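Scroll down for the structure; my scribbles are underneath it.
The values are calculated or read from the model by the stated rules, or taken from the named source; none is laboratory data. What you see is a predicted model; the values in this text were computed from it and never measured. FYI the Cβ positions are ideal-geometry reconstructions off the backbone, even for glycines, and counts take in every protein chain you see.
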Amino acid sequence: MKKRAVIGISTGLLVDSGGIFPGYHRIYVNRDYVDSVLASGGVPLMLPMSDDQEALEKALSLIDGLILSGGHDVSPINYGEEPHQKLGEICPERDRYDYFLYRKAKERGIPILGICRGIQVINTCEGGTLYQDLSEKSGDVYKHMQGHSPKTATHSVGIAKDSRLQKILGKEELRVNSFHHQILKDIAADFDVSARAKDGVVEAIEHRSADFIIGVQWHPEMRSMVDPDMKKLFQALVTEAGR
Ligand SMILES: [Mn+2]
């Protein structure tokens, strides 16, 4: 049997709002991350959020690729700013956990795909910054929090010529879903912008020299079952992780 690459998926914290345990903490990922990895031939492995770095290092030794999943806003403390009025909910424990996973996975040369919060984790961990809310960016900015069907693509993105992303997707423009109110501001030094919306908002970055460190601001996992282009991202990660 062919070796199947193990893809670690970072997890988030869900606090029950109702049910029989209001306020109860659950560690979770949305099922579509798991399904997207499975559909691409990988073995998904959820990495429970924790401050236990020894346990996280051990977990990292078990994976061939890493997905940094979506969720909370990154705390602006991490990039030297004070919280603005429109900052969303933050989770400092998850910031520590995601930064640790990212740094250690990079050290190990593990291919990394950051999704939504994941691209923001990569950029801020590497010295970049964020607009804490879309309203802080000047000029006409599109609706990036579409607020309806995750499977529906809304705005278009232009893919940078000769970028890794373009090689993976094989095209220069495509349409994506959009569920973010924060956007990248200053791009980390070792990274190139590999996709932008037509309003200038950064929608993807990639590490200039690492084989596979890519972040996308949209949610490919929510559309990988209906859009072959979105599936290509997961297939590329699984293929790279299998090397
Ligand atoms: Mn967007």
**Complete:** By residue number, the members of segment 31-55 that are in contact (Cβ under 8 Å) with a residue 12 or more places away in the chain and touching a strand residue (DSSP E or B) at 6+ places or on another chain (Cβ under 7 Å) are 33, 34, 37, 42, 43, 44, 45, 46, 47, 48, 49
**Asked** Name the strands (runs of 3 or more DSSP E) wholly within segment 87-199 that hold at least 1 residues that are surrounded by 23 or more Cβ atoms within 10 Å (Cβ to Cβ), modelled with pLDDT of 95 or more and out of contact with any helix residue (DSSP H, G or I) (no Cβ under 9 Å at 6 or more places or on another chain)?
**Response** 156-159
**Prompt:** Restricting attention to segment 1-43, which residues are of a type in the set (Asp, Glu) and modelled with pLDDT of 95 or more?
**Reply:** 32, 35
**Message:** Of everything in segment 56-86, what is on the phi > 0 side of the Ramachandran plot and in a helix (DSSP H, G or I)? Give them in sequence order.
**Reply:** none
**Asked** How many residues are in a strand (DSSP E or B) and either surrounded by 12 or more Cβ atoms within 10 Å (Cβ to Cβ) or among the aliphatic types (A, V, I, L, M) (or both) if we restrict to segment 1-55?
**Response** 16
**Prompt:** Can you name the residue in segment 56-71 that is under 16 Å from the mean Cα position of the chain (by Cα) and either surrounded by fewer than 19 Cβ atoms within 10 Å (Cβ to Cβ) or of a type in the set (A, V, I, L, M, F, W, C) (or both) and is also farthest from residue 235 (Cα to Cα) among such residues?
**Reply:** 68
**Some residue of segment 215-233 being in a strand (DSSP E or B), at pLDDT 95 or above and within 17 Å of residue 9 (Cα to Cα)** = yes
**Prompt:** Does at least one position in segment 210-224 carry a residue that is more than 18 Å from the chain's Cα centre (by Cα), surrounded by fewer than 21 Cβ atoms within 10 Å (Cβ to Cβ) and more than 11 Å from the ligand (Cβ to nearest atom)?
**Reply:** no
**Request:** Read through the list (1) touching a residue at least 60 places away in the same chain (Cβ under 8 Å); (2) within 14 Å of the ligand (Cβ to nearest atom); (3) over 15 Å from residue 123 (Cα atoms), then give the number of the only condition that residue 198 fails.
**Result:** (1)
**Fill in**
In segment 160-185, residues that are under 25 Å from residue 73 (Cα atoms) and free of Cβ contacts under 8 Å to residues at least 60 places away in the same chain total 7
